[in-house]
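In what follows, a single structure is set out as structure tokens and then discussed.
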Amino acid sequence: MYITASQEEEKPSTLRNDFTILMKDRSFRVLLVTGWIMYGIDKVFSYMNLYLRALGWSFVLIGAVSSLYLLVRTAARFVGGFIGDTRNRRTMSVATMGLTSVAWLMLGISAEFWMVVSAYMFFGFISFIRSGASAYLYTRIPRKPRDLMGLGNSLFQSVGPIWSLPVLFALAIWTNMFPLVVLIQDLFLFGGFLLFFCTLLRWRHLSHDKSSPEDYLDGNPIPKFRNVITENIRAVKIIISLVPGLLLIGVLDTLSDAMFNYGALIYANEFAGVSYAGISLILIVVVLVQAPLGLMIGRKMGINDENKYKAALGIYSIIPLSVALVLVAPSYPFIPFIPHEWIQWAGVLFPGGEVIFSTVFLGLILKSINDNLWATILFTVIGSKFPKKDWGKTSSMYFSIVVLIATIAPTLAGVMFESIGPEWMFAMLIMLNIALIITIVATKFGMTPQSSTEIIESAGIS
């Protein structure tokens, strides 16, 4: 029997009912399945800096290439947001998956320096169409009768990584048997072919997008560059009007994350003595814990802005502690009062199992889980606050601004690792995250109570 929107609203807001509403859209189902497959293999990138170190790259070289990648991604997003709002978003969703498979295959074919750098730059270039692909997804998530943006995001951000567990378990076992370089390169090759299969699924089963302006469908000339600049300036005005304060929060958060993600696993492996198997175990626990927490947080995000603010403040309050635990790991490798016999037995039961009683384990677990929950909140705010027809431009410009400022972070981290020592980087991150907490409190997470349409009209943005 056909169910009307009014009947949907009468149903209680339970996880099962909300999930059922989302699953009614075939395109959302296809995006979810292919997205889960991508998340399943994407955890390989958690090992990327360790892989590059195993290839003989220096700390500074890894940081410089990472910064260059962020710069290319930012430049691509600058134009990509406008393209995402003026071109067929279904096409971009398919193309994003297809081009990603090409980049994975490049990394799988060769570990030579120029091939790896070229693959990095190719990943950055894909951002040219990624905003359109994201916009296509968000147009498939209902906001009426209930706003399901939070649940829809958490299904990708929190549940998606569950599918990486087979890969992580395999790495935990195989890193004791084979060289890391061989394992990672083989996984890139396998992942490239798997993503090509996902591309075919999207091409065959995604519905044609109806939210793009009819005047800008495929086949028309690319808009002139002056129009891109005009529209991006308009997008910046919308961002400032809708989420004041969120830009500063985003800049501080991205700067902190870029530096932490650069050095955390290198520091754990080379300075705190955590094995590759131990790192896999850390990532496994993160995945197992973050899925139920992400779903819980995601469902509550669609209720009101006060929930978003409380969740953001609660999550970020833990991050300085998690960074401090990672910092002291070389001096205090294990949690105090844990019997030595327990540590030994953990190592016998599972490869690298002794890491579960380490300070670096606790720090990385707290940081990773909170980062994932933070991403769910941030994407929910962006997805629900920005107007649908301008979502590509506004989201693209938001991330372009915050990432552009953070492009220096990996290079800075690499220089600090190589020159004065990684301890100083983590100490700086503690202070930076305390500043971010103060900013969240001072700006109330940059939220405004009115709807996006009311704010844009009152600001006189046409």
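Can you go through Gly263, Gly273 and tell me which one is in contact with a helix residue (DSSP H, G or I) (Cβ under 6 Å, 6 or more places away or on another chain), under 27 Å from Ala170 (Cα atoms), small (Gly, Ala, Ser) and in contact (Cβ under 8 Å) with a residue 12 or more places away in the chain? Spell out how you get there, then give the answer.
Details: Gly273 fails: in contact with a helix residue (DSSP H, G or I) (Cβ under 6 Å, 6 or more places away or on another chain).
Just one listed residue meets the conditions, Gly263.
Restricting to the stretch 331-364, what's the tally of residues that are free of Cβ contacts under 8 Å to residues at least 24 places away in the same chain and among the acidic types (Asp, Glu)?
Step one: of the stretch 331-364, the residues free of Cβ contacts under 8 Å to residues at least 24 places away in the same chain are 331, 336-349, 357.
Next, from what is left, pick out any that are among the acidic types (Asp, Glu): 341.
Qualifying residue count for the region: 1.
Which residue pairs have Cβ atoms under 9 Å apart, sit 6 or more places apart or on different chains, and have a first residue in the stretch 237-255 that is farther than 10 Å from Tyr398 by Cα and in contact (Cβ under 8 Å) with a residue 40 or more places away in the chain and a second that is among the basic types (Lys, Arg) and surrounded by fewer than 20 Cβ atoms within 10 Å (Cβ to Cβ)?
Listed pairs, sorted by first residue: Gly245/Lys444.
Checking Leu252 against (1) modelled with pLDDT of 85 or more; (2) surrounded by fewer than 24 Cβ atoms within 10 Å (Cβ to Cβ); (3) under 30 Å from Ile173 (Cβ atoms): exactly one of these is not met. Which one?
(3)
Find the residue count for the stretch 118-140, including only residues that are part of a helix (DSSP H, G or I), in contact (Cβ under 8 Å) with a residue 24 or more places away in the chain and touching a helix residue (DSSP H, G or I) at 6+ places or on another chain (Cβ under 6 Å).
Let us first name the residues in the stretch 118-140 that are part of a helix (DSSP H, G or I), namely 118-125, 127-138.
With in contact (Cβ under 8 Å) with a residue 24 or more places away in the chain added as a condition, the list becomes 120-121, 123-125, 127-138.
Adding the requirement that they be touching a helix residue (DSSP H, G or I) at 6+ places or on another chain (Cβ under 6 Å) leaves 120-121, 123-125, 127-133, 135-138.
Final tally of qualifying residues: 16.
Residue by residue through the stretch 40-60, note down the ones that are of a type outside the set (A, V, I, L, M, F, W, C) and part of a loop (DSSP other than H, G, I, E, B). Explain how you work it out, then say what you get.
Residues of the stretch 40-60 that are of a type outside the set (A, V, I, L, M, F, W, C), as a first pass: 40, 42-43, 46-47, 49, 51, 53, 56, 58.
Listed by number, the residues that qualify are Gly56, Ser58.
Which ones in the stretch 323-365 are of a type outside the set (Phe, Trp, Tyr), under 16 Å from Ser46 (Cβ atoms) and either within 19 Å of the chain's Cα centre (by Cα) or part of a helix (DSSP H, G or I) (or both)? Spell out the reasoning first.
Kept after step one, since they are of a type outside the set (Phe, Trp, Tyr), are these residues of the stretch 323-365: 323-331, 333, 335-336, 338-341, 343-344, 346-349, 351-356, 358-360, 362-365.
In the following step, the residues that additionally are under 16 Å from Ser46 (Cβ atoms) were identified as 326, 352, 355, 360, 363-365.
Listed by number, the residues that qualify are Val326, Val355, Val360, Gly363, Leu364, Ile365.
Looking at the stretch 291-307, is at least one residue crowded, with 23+ Cβ neighbours inside 10 Å, at pLDDT below 80, of a type in the set (D, E, K, R) and assigned to a helix (DSSP H, G or I)?
No, the stretch 291-307 has no match at all.
Please specify each residue of the stretch 52-74 satisfying the condition of being of a type outside the set (A, V, I, L, M, F, W, C), closer than 20 Å to Glu270 by Cα and surrounded by 22 or more Cβ atoms within 10 Å (Cβ to Cβ).
Initial filter on the stretch 52-74 (of a type outside the set (A, V, I, L, M, F, W, C)): 53, 56, 58, 63, 66-67, 69, 73-74.
Still in the list and also closer than 20 Å to Glu270 by Cα: 53, 56, 58, 63, 66.
Residues satisfying the conditions are Gly63, Ser66.
Could you tell me whether Ser158 is touching a residue at least 12 places away in the same chain (Cβ under 8 Å) and either in contact with a Lys or Arg (Cβ under 8 Å, 6 or more places away or on another chain) or surrounded by fewer than 19 Cβ atoms within 10 Å (Cβ to Cβ) (or both)? Walk me through it before giving the result.
Numbers: touching a residue at least 12 places away in the same chain (Cβ under 8 Å): yes; either in contact with a Lys or Arg (Cβ under 8 Å, 6 or more places away or on another chain) or surrounded by fewer than 19 Cβ atoms within 10 Å (Cβ to Cβ) (or both): no.
No.
The values are calculated or read from the model by the stated rules, or taken from the named source; none is laboratory data. The shown structure was predicted, so the numbers you read here are calculated from the model rather than taken from an experiment. Cβ atoms come from the backbone with ideal geometry, glycine included; neighbour counts cover every protein chain shown.
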